[in-house]
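**Student:** Got a structure here, written out as structure tokens. Questions coming.
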Ligand code: SIN
Ligand code: MN
């Protein structure tokens, strides 16, 4: 998939692009079917909501689930991002966020690159987020909210919130959010939330400020989030476990466009369990001469 000059201009201005219904129901079907079994596993890579059994985030499914391993190599996501950065990509993070009916909790206002810089020592913002809806997303089930143009501010001040939810996040203060929303148009477009059918895709800049509210509706809002990083921009510190921040900087090679419908063979390195090394962390920077593993 190739982005038009108009789309590139819009991405630069707003910090995101929305592609409603980019994947068909047949294409997303096998992904959706695989989720309950993945969420049922008692593994460190399933982070549950505070005080609840509902899964908030499942990490790294592309390393142990065939349909998600194929999605991680899909040209409809990889090619446009490669074109924007002008180099090959590796998978920095891979999540299936639940935002389950009645139980899905908030994601406070934050920028993803703030976390990648502070925790993982990712050198620059040359990494892109891609969201793919596995359920229909509407105004009731906790859609993502963006502040258009906020990526232009670069890395903004953030505080490490370890208490609000079950997942630590570098969050942005209410004062700064108010200023950013005003700057983006206040009540006229200062906050947007792309909604649409399962199979829709959003590309969004790693500095775009975003959040989502809790899901009080009876509808799940399962979405996959890929964080694709330019290979030369790989992280320099392994302070977080490998299932959260990946350490394999091998460039992603795409599968054919029909890879969600055909059983192309894929490697599943964590199929029989996560290696112990994935849990080993360090606050020291890695040697940057390290070869891609
Ligand atoms: C995220 O910002 O990483 C997730 C937000 C969401 O799933 O609503
Ligand atoms: Mn985020």
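**Student:** Taking only region 107-132 into account, find how many residues are within 11 Å of ligand 1 (Cβ to nearest atom), closer than 14 Å to residue 16 by Cβ and touching a strand residue (DSSP E or B) at 6+ places or on another chain (Cβ under 7 Å).
**Tutor:** Number of matching residues: 3.
**Student:** Do we find a residue being part of a loop (DSSP other than H, G, I, E, B), within 14 Å of residue 222 (Cα to Cα) and touching a strand residue (DSSP E or B) at 6+ places or on another chain (Cβ under 9 Å) anywhere in region 21-43? Spell out how you get there, then give the answer.
**Tutor:** Let us first name the residues in region 21-43 that are part of a loop (DSSP other than H, G, I, E, B), namely 21-24, 41-43.
Going one step further and asking which of them are within 14 Å of residue 222 (Cα to Cα), we end up with none.
Looking through region 21-43, none of the residues is part of a loop (DSSP other than H, G, I, E, B), within 14 Å of residue 222 (Cα to Cα) and touching a strand residue (DSSP E or B) at 6+ places or on another chain (Cβ under 9 Å).
**Student:** Next question, about the same structure. So which residues in region 188-206 are in contact with a helix residue (DSSP H, G or I) (Cβ under 9 Å, 6 or more places away or on another chain) and either more than 28 Å from residue 245 (Cα to Cα) or surrounded by fewer than 20 Cβ atoms within 10 Å (Cβ to Cβ) (or both)?
**Tutor:** If the condition is that a residue be in contact with a helix residue (DSSP H, G or I) (Cβ under 9 Å, 6 or more places away or on another chain) and either more than 28 Å from residue 245 (Cα to Cα) or surrounded by fewer than 20 Cβ atoms within 10 Å (Cβ to Cβ) (or both), then 190, 191, 192, 197 are the ones that fit.
**Student:** Residues of region 133-151 being assigned to a loop (DSSP other than H, G, I, E, B) and either within 11 Å of ligand 1 (Cβ to nearest atom) or touching a strand residue (DSSP E or B) at 6+ places or on another chain (Cβ under 7 Å) (or both), which ones? Steps first, answer last, please.
**Tutor:** Residues of region 133-151 that are assigned to a loop (DSSP other than H, G, I, E, B), as a first pass: 134-136, 138-143, 147-149.
Scanning region 133-151 gives 134, 141, 142, 143, 148.
**Student:** Would you check which residues across region 1-31 are crowded, with 17+ Cβ neighbours inside 10 Å and out of contact with any helix residue (DSSP H, G or I) (no Cβ under 7 Å at 6 or more places or on another chain) and list them?
**Tutor:** Within region 1-31, 11, 14, 16, 18, 19, 23, 27, 28, 29 meet the criteria.
**Student:** What is the number of the single condition among (1) in contact (Cβ under 8 Å) with a residue 24 or more places away in the chain; (2) surrounded by 18 or more Cβ atoms within 10 Å (Cβ to Cβ); (3) touching a strand residue (DSSP E or B) at 6+ places or on another chain (Cβ under 7 Å); (4) not in a strand (DSSP E or B) that residue 104 does not meet?
**Tutor:** Going through (1) in contact (Cβ under 8 Å) with a residue 24 or more places away in the chain; (2) surrounded by 18 or more Cβ atoms within 10 Å (Cβ to Cβ); (3) touching a strand residue (DSSP E or B) at 6+ places or on another chain (Cβ under 7 Å); (4) not in a strand (DSSP E or B) one by one, residue 104 breaks only (3).
**Student:** Wholly within region 190-293, which strands (runs of 3 or more DSSP E) include no fewer than the required count, namely at least 3 residues that are closer than 20 Å to residue 77 by Cα?
**Tutor:** Where strands (runs of 3 or more DSSP E) fall fully within region 190-293 and carry at least 3 residues being closer than 20 Å to residue 77 by Cα, they are 201-205, 223-230.
FYI, it's all coordinate maths here, none of it is from the lab. Note that the coordinates shown come from a computational prediction; the quantities given were computed from them, not determined experimentally. Please note: Cβ atoms are built from the backbone with ideal geometry, for glycine as well, and neighbour counts cover all protein chains shown.
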